[in-house]
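Asks: Dropping the structure in here first, questions after.
The values are calculated or read from the model by the stated rules, or taken from the named source; none is laboratory data. Please read all numbers here as calculations on a predicted model, not as lab measurements. Counting neighbours? That spans all protein chains shown, and the Cβs are built from the backbone with ideal geometry, glycine included. Ligands, DNA and RNA are excluded from the accessible area calculation, which covers all protein heavy atoms including side chains. Shrake-Rupley method; radii C 1.70, N 1.55, O 1.52, S 1.80 Å.
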Amino acid sequence: MISYDVTDAVATVTLDRPDAMNSLTAEVKSALLDALRRAADDPEARAVLLTGSGRAFCAGQDLREHAANLEAGRGLADTVRAHYNPIVELITTMPKPVVAAVNGVAAGAGASLAFACDLRVASEKAKFAMAFAGIGLAPDSGASWTLQRLVGPARAAELLLLGEPLDAARALELGVVTRVVAPGDVLKTAQELAVRLAAGPTRAYAATKRALAYAAAHSLPEALALEADLQDECAATEDHLGATRAFLAKEQPSFRGR
Ligand code: T3D
């Protein structure tokens with residue numbers, strides 16, 4: 001259901017349930033959380049790639065399991081708190097960059113997963129479907145937070161209330177995705193981006209993620225204070241010293257993530 005592989009310092013986590021468009025059962029969500037925890041803790045991995053197998057990235061909640069829960073009187077079976085929230089918190093806070101290779105449709109919580117990543121490479125055939133309202137639900141898995149930061153509050157309201165799918169070209173225009181490429185090039189392009197990030201200053205990237213998340217919900221003086229602390233931390237890294245020396249020697253820096 002979920003595969004995990006580390007190559008060239010990139011941990012690739014693949015949703016592997018193509019017959020159901022990689023939709024998310026409780027079992028898949030637990031396995032996804034485990035794989036993301038493994039990637040976050042893996043000293044061999046300095047960047048993470050999240051993708052789906054087959055023609056979809058992820059169709060969101062498995063609606064067959066969801067219907068069974070509703071019919072049995074279990075409601076949502078607490079999956080938002082137990083699964084979706086920790087998955088999204090982990091993607092957004094893990095101290096390494098996470099790239100989504102959006103190989104096909106990303107719907108509901110599947111779109112939210114892509115929005116939670118730091119960068120998104122999409123297939124020309126991908127689309128983002130804010131499918132929540134279509135089945136009488138409100139956004140979850142962070143879409144209320146991430147989407148408006150990507151496109152602004154007015155567009156986020158439009159996308160979430162009207163639920164009209166966003167094709168890849170429009171997603172690029174609105175800044176939802178970093179790059180749009182031919183379907184056969186999605187994984188390769190996302191891997192190249194992830195490999196590039198994995199060869200970068202991992203601790204500075206971690207600090208950048210923290211600074212961006214913090215600044216989104218704090219005042220300028222508070223953001224400045226955290227920037228100063230994080231810059232002290234970065235300044236004490238081997239990578240910073242090495243890159244500064246490399247600059248002065250007119251050489252390319254070589255980052256080790258330390
Ligand atoms: O506990 C909670 O539920 C709370 C959390 C909620 C978070 C959410 O994610 S809510 C949103 C849930 N997702 C959706 O509403 C999306 C439903 N799917 C679709 O709208 C469409 O299937 C797609 C836009 C994703 C793709 O459309 P299309 O035309 O390319 O494919 P299709 O023919 O509709 O689907 C192909 C198969 O995948 C089909 O199965 P079949 O008939 O071949 O056996 C379809 O039922 C299945 N499938 C697609 N999405 C889901 C799914 N099966 C289970 N769950 C799905 N989400």
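Asks: Name the residues in segment 114-149 that are over 27 Å from PRO183 (Cα atoms) and hydroxyl-bearing (Ser, Thr, Tyr), would you?
Replies: Hit for segment 114-149 is SER144, nothing else.
Asks: Taking the options VAL177, VAL181, name whichever one is more than 18 Å from GLY110 (Cα to Cα), touching a helix residue (DSSP H, G or I) at 6+ places or on another chain (Cβ under 9 Å) and assigned by TED's automatic domain parsing to the domain that holds GLY54.
Replies: Residue meeting the stated conditions: VAL181.
Asks: Separate question: How do the pairs read when you match residues in segment 51-66 that are within 20 Å of ALA100 (Cα to Cα) with residues anywhere that are open to solvent by 50 Å² or more (accessible area, probe 1.4 Å), using Cβ under 7 Å and keeping only pairs 6 or more apart or on different chains?
Replies: THR51/LEU187; SER53/ASP16; SER53/PRO18; GLY54/PRO18; ALA56/MET21; ALA59/MET21
Asks: Anything in segment 1-29 that is outside any strand (DSSP E or B), within 14 Å of the ligand (Cβ to nearest atom) and open to solvent by less than 50 Å² (accessible area, probe 1.4 Å)? List them, or say none.
Replies: Those that are outside any strand (DSSP E or B), within 14 Å of the ligand (Cβ to nearest atom) and open to solvent by less than 50 Å² (accessible area, probe 1.4 Å): ALA20, ASN22, SER23, THR25, ALA26, VAL28, LYS29.
Asks: Among the residues of segment 86-98, is any part of a strand (DSSP E or B) and aliphatic (A, V, I, L, M)?
Replies: Checking segment 86-98: at least one residue is part of a strand (DSSP E or B) and aliphatic (A, V, I, L, M).
Asks: Could you tell me whether any residue of segment 147-161 is open to solvent by less than 60 Å² (accessible area, probe 1.4 Å) and within 12 Å of the ligand (Cβ to nearest atom)?
Replies: There is at least one residue in segment 147-161 that is open to solvent by less than 60 Å² (accessible area, probe 1.4 Å) and within 12 Å of the ligand (Cβ to nearest atom).
Asks: Restricting the search to segment 32-63, which residues are open to solvent by less than 50 Å² (accessible area, probe 1.4 Å) and within 14 Å of the ligand (Cβ to nearest atom)?
Replies: Going residue by residue through segment 32-63, those that are open to solvent by less than 50 Å² (accessible area, probe 1.4 Å) are 32-33, 35-36, 39-40, 42, 45-53, 56-62.
Selection gives LEU32, GLY52, SER53, ALA56, PHE57, CYS58, ALA59, GLY60, GLN61, ASP62.
Asks: A further question on this structure: Quick one: which of VAL186, VAL177 is surrounded by 14 or more Cβ atoms within 10 Å (Cβ to Cβ) and not in a helix (DSSP H, G or I)?
Replies: VAL177
Asks: Would you confirm whether any residue within segment 64-72 is of a type in the set (A, V, I, L, M) and buried (at least 20 other Cβ atoms within 10 Å of the Cβ)?
Replies: No, segment 64-72 contains no residue that is of a type in the set (A, V, I, L, M) and buried (at least 20 other Cβ atoms within 10 Å of the Cβ).
Asks: Another one. What are the pairs with Cβ atoms under 8 angstrom where one residue, in segment 4-25, is aromatic (Phe, Trp, Tyr) and the other, located anywhere, is outside any strand (DSSP E or B) and open to solvent by less than 50 Å² (accessible area, probe 1.4 Å)? Sequence gap at least six, or different chains.
Replies: From segment 4-25, the pairs are TYR4/ALA35; TYR4/ALA39.
Asks: Would you pick out the residues in segment 92-135 that are closer than 22 Å to ALA199 by Cβ and in contact with a strand residue (DSSP E or B) (Cβ under 8 Å, 6 or more places away or on another chain)?
Replies: Of everything in segment 92-135, those that are closer than 22 Å to ALA199 by Cβ and in contact with a strand residue (DSSP E or B) (Cβ under 8 Å, 6 or more places away or on another chain) turn out to be MET94, LYS96, PRO97, VAL98, VAL99, ALA100, ALA101, CYS117, ASP118, LEU119, ARG120, VAL121.
Asks: Got a sec? Which of SER123, SER141 is polar (S, T, N, Q), more than 13 Å from the chain's Cα centre (by Cα) and either open to solvent by 50 Å² or more (accessible area, probe 1.4 Å) or within 16 Å of the ligand (Cβ to nearest atom) (or both)?
Replies: SER123
Okay, residues lined up against (1) within 22 Å of LYS96 (Cβ to Cβ); (2) at pLDDT 95 or above; (3) open to solvent by less than 80 Å² (accessible area, probe 1.4 Å):
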site	(1), (2), (3)
VAL195	yes, yes, yes
ALA206	yes, yes, yes
ALA216	yes, no, yes
CYS234	yes, yes, yes
GLU238	yes, yes, no
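Asks: Still on this structure, I have one more. Which one of these does LEU76 not meet: (1) within 13 Å of the ligand (Cβ to nearest atom); (2) under 18 Å from LEU159 (Cβ atoms)?
Replies: Failed condition: (2).
Asks: Additional query: Condition first: among the charged types (D, E, K, R) and closer than 10 Å to ALA122 by Cβ. Now tell me which residues in segment 157-182 satisfy that.
Replies: Answer for segment 157-182, where residues must be among the charged types (D, E, K, R) and closer than 10 Å to ALA122 by Cβ: ASP167, ARG179.
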